Amino acid sequence: MFKIFTALVSAGMFFATLALVAMIVFFSKLSVELPDYRQLAKYEPAVTTRLFAGDGQLLMEYAAEKRLFVPVDKIPARVKQAFIAAEDKHFYSHGGIDFIGIARAIINNLKNLGKGRRPAGASTITQQVAKNFLLSSEVSYIRKIKEAILAHRMNKAFTKDHVLELYLNEIYLGNRSYGVAAAALNYFNKSLDELTLEEIGYLAALPKGPNNYHPKKKYDAAVARRNWVIGRMVEDGYVTKEEADIAKSKPLVTTDRKTGFLKDAEYYSEEVRRTISHNLGDDALYEGGLIVRTTINPQIQSMATKAFRKGLIDYDVRHGYKGATHKITLDENYKQTLDDVVLEKGAQPTWQKAVVLEVEKSKAKIETEDELTAHIYLEDIAWARPRLKNNGIGAVPTDVSKVLNVGDVIYVEKLDNSKTKNDDAYALRQVPDVEGAMVVIDPHTGKVLALVGGFDFKKSQFNRATQAYRQTGSSFKPFVYLTALEMGYSPNDLILDAPFVLDQGVGQPKWKPANYSKKFYGLMTLRQGIEQSKNLMTVRLAQDIGMDKVAEMTKRVGINDNLPQYLSSSLGSADARVLDMTSAYAIIVNGGKKVSPHLIERIQDRSGKTIYKYDEFDCMECYADKWENQEAPIKPDLREQIIDPLTAYQMTSILEGVAVRGTGAKLRSLNKHLAGKTGTTNDNKDAWFIGFSPDLVAGIYVGYDEPVSLGRYETGASAALPIFYDFMKEALKDVPDYDFRIPAGIKLVRINPKTGKLSEPTDKTVIVEAIKPDYSFDASKQRVVGKDKEDMMIIDNQDTGLQVGGEY
């Protein structure tokens, strides 16, 4: 017996030793395969990048994971206590592994064998950090062993508070929320220190599975789990029973987060996003927690968007009704069918979806998506004429049935009682097909104060302000005349307005530009060439000064680095962006100083360090701790002078004449000092207006994405100028009016606007002209362009290009 016992003991020791060696080898292999936990010592989670407007309002957020990092010492004690009570009661006392909890989990899992239940774990907060940061979510004992090893090592390497900081900032709590700070915002629209006990209890209930405790879909389970957490807090001495009872009795009420993002600024924020992504990369954008200060002015942006949309809607109304795009059957399920219909994107906030129930000659009965019954009356759809080819329109409807049919699904808008005699009157609405863009710039700094890239971002994300290159038409002409003024021409010099013909070479038709009016007016002053937008005068002037000089000017002001040196380019046949055209006009009004349009003022990293700053000037005096009667610091003007200020003012004065006497004379009724230029391209495909006050520049173009005629009578003056008018009316409403700044050296001289000579007492019309100091009014000094040439100019063997824009 003794021998048998000895043999059994020896065998047992052998196998025990073998098992021990196997375990050592197993754990050694696991240890080698484990990831390096030391990387968590410097934790930098993916954090939300936030864009701010110039006045500090939140513009937009970008993140791969919506997370707001909060240091552990800034997280309220009760929040920490709730998660510890729910997830790891002995967190501050164990060594990273809770052996009692493990034993309890093993027993429970053995009891549940064969019952199809998911195995329960006993992971401590430290183990959860190891899993979330370093391991997969695989359910296996091997992963649990890895967790335990890593947790033990982390417990020795890191403080408990550091581990808790990692946990509370990384854990996913549902509702697009990573970390407790993001969850507090997304569930309750509160910061952590504003949360109540019942709200804290709910957040601490979520780590076991956010979907299992959805506040609306699984309300009862969510409340039960919340109350369980609060009960654990009582057991652990974190809250009193009285506090807990009050919290448990309250309903679970979540709140949709109010983002506070600026309305109607999607094109602006998207352009900023694209810029950061291009220059710093997507990792920095979506995970870097950047703080981006932009140049947008929320009030200006709102005014620009409102004026631009109104302008496109007004244009669309002028060109009739394109018809209903959806039709439904009025059966017993029509209300659900109406609800399911998806109309064209771009509806405005005050519009509603509706279905036509009945149609009579004088009105149509409708039902809105809110189940409100109302009417559309004949007098309110007089605009809804049939749309014809080339944006033509048919006759005014005399019968509602010619416009609407039973079952049509349409957009409608409640009419203001002041605009109708019927209390239940609604107006028919449609989303415009026409598009365009608008940019507003501070001419002295280049800050882009507002940017509208299309009618509605939901309809189209293509940013026409920064991505669309369009022919500019006559809005380009000022840069031809600016070149001439710089070369010594004067606003009162004369240019011949007469037929002009170019021979384009063998086999090519002769190029015969014409004025919009198709008439010729003989000799006119250079000023009138811009004010009345004369194509023939512009071509003659461009030919006289040389297109190479115009191309150099175009490059200098940032419109086009490689302007085709054809005479047709002088009429705006080349493409440009509205952003670049607007900033070029800014150079005119600011006295010839170079400005670069920019949307981003400063970028800081997650720690607050500035990594980009548009204005690199460092004003040390600006950072004084307090005011001690010292003078305010003066920032030097570091802008490059790229156009002589006297030349720039002459063009400003001429463009002001456009707004007083010329193609933009509609602006005169605003009683403000304004200036600008209309532009219309060939076949009326694009309509432009770019203009300015002394401190604000706005550029607009209107046109279809696939260029087609806007309509026979649609020009810059009819389609784009009204947008500028409406915008400036609001933007300058409370701004004192003052004249454009006149540089030293300019002489203001009374002249006859027709002859360009000094005025006489008998002259019926006199204007004040801006003249440079070296100009002589000697008759022999007045320049006349085209006088010594034949009225029908034939220029042989000159490559002029075939495209021409620039009509009125």
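The values are calculated or read from the model by the stated rules, or taken from the named source; none is laboratory data. All values derive from a computational prediction rather than experimental measurement. Here the Cβ is made from the backbone with ideal geometry for all residues, glycine too, and neighbour counts use every protein chain on show. Side chains included, ligands, DNA and RNA excluded: accessible areas come from the protein's heavy atoms. Shrake-Rupley method; radii C 1.70, N 1.55, O 1.52, S 1.80 Å.
Of the heavy-atom accessible surface of the chain (probe 1.4 angstrom), what whole percent is carbon and sulfur? In the chain, the share of accessible area belonging to carbon and sulfur is 53 percent.
Here the Karplus relation 6.51 cos²θ - 1.76 cosθ + 1.60, evaluated at θ = phi - 60°, turns the backbone of segment 401-408 into coupling constants of 5, 7, 10, 10, 10, 4, x, 4 Hz, with x for every Gly and Pro. Contact order, relative form, for the chain: 12 percent (alpha carbon pairs under 8 Å, 6 or more residues apart, mean separation divided by residue count). Calculate the FRET efficiency for His162 and Tyr516 from the Cβ-Cβ distance with a Förster distance of 51 Å, rounded to the nearest 0.05. Working from the Cβ atoms, E equals 0.10. The distance linking segment 449-515 with segment 151-215 is 59 Å (Cα centroid to Cα centroid, whole angstrom). Calculation over all alpha carbon pairs of segment 206-344 in 10 angstrom steps from 0 returns a P(r) of 8, 17, 17, 23, 23, 10, 3, 0 percent. Counting lysine pairs in segment 184-272 that sit 8 or more residues apart in sequence, or on different chains, and whose Cα atoms lie under 24 Å apart gives 24.
Each peptide in 339-350, 458-469 gets a packing score, the mean of other Cβ atoms within 10 Å over its residues, and the list from highest to lowest is 458-469, 339-350.
Can you work out the PRE-style zone for Asn405? Point 7 Å along Cα to Cβ, and I want the residues of segment 335-367 with backbone N under 15 Å. Inside the label zone: 356-360.
A simple rule links phi to the HN-Hα coupling: the Karplus curve 6.51 cos²θ - 1.76 cosθ + 1.60 with θ = phi - 60°, which for segment 241-247 gives 5, 5, 4, 5, 4, 5, 5 Hz, with x for Gly and Pro. Multiplying the residue separation of Lys335 and Lys733 by 0.36 nm and subtracting their alpha-carbon distance yields 138.7 nm.
Taking 0.36 nm per residue of separation and subtracting the current Cα-Cα distance, fully stretching the chain between Lys549 and Thr368 would add 59.1 nm. Between helix 477-486 and the chain there is an angle of about 70 degrees, using the helix long axis and the longest principal axis of the Cα atoms. Each of Gly289, Gln299, Leu357 was placed along the dipole of segment 284-374 (beta-carbon charges, centred on the mean Cα), and the one lying farthest toward the positive end is Gln299. What you get for the chain, charging only the Cβ of Lys and Arg (+1) and of Asp and Glu (-1), is a dipole of about 1800 debye around the Cα centre. Rounded to the nearest Hz, the phi-derived 3J(HN,Hα) couplings of segment 353-358 under the Karplus curve 6.51 cos²θ - 1.76 cosθ + 1.60 (θ = phi - 60°) are 7, 8, 10, 7, 8, 9, where x marks glycine and proline.
Using the average count of surrounding beta-carbon atoms within 10 Å as a protection proxy, the listed peptides 193-201, 745-753, 670-678, 448-456 rank, highest first, as 448-456, 670-678, 193-201, 745-753. Dividing the helix sum by the residues of the chain, where each DSSP H run of 4 or more adds -39500 (n - 2.57), gives a mean residue ellipticity at 222 nm of -10000 deg cm²/dmol. Listed by chain and number, the lysines whose C-alpha is less than 22 Å from the C-alpha of Lys555, apart from same-chain residues fewer than 8 away, are Lys447, Lys477, Lys593, Lys594, Lys677. The local environment of Asn752, defined by Cβ-Cβ distances under 11 Å, has a net charge of +1 under the rule Lys, Arg +1 and Asp, Glu -1.
Once the Cβ-Cβ distance of His278 and Glu628 is raised to the sixth power relative to R0 = 41 Å, the FRET efficiency obtained is 0.35.
The packing ranking, built from the mean of other Cβ atoms within 10 Å per residue, places the peptides 642-654, 309-321 in the order 642-654, 309-321, highest first. Using the C-alpha atoms of the chain, what convex hull volume per residue, in cubic angstrom, is computed? Dividing the Cα hull volume of the chain by its residue count gives 288 Å³. Computed with a 1.4 Å probe over protein heavy atoms only, the accessible surface of the chain comes to 48 Å² per residue. Taking amide H atoms as placed 1.01 Å from N in the peptide plane, the amide H of Glu601 lies under 5 Å from those of Arg293, Thr294, Thr295, each 5 or more residues away in sequence or on another chain.
Modelled this way, with points 7 Å down the Cα-to-C-beta line, the labels at Lys322 and Asp763 are 5.1 nm from one another.
The slack between Arg712 and Glu344, meaning 0.36 nm per residue of separation minus the straight C-alpha distance, is 129.8 nm.
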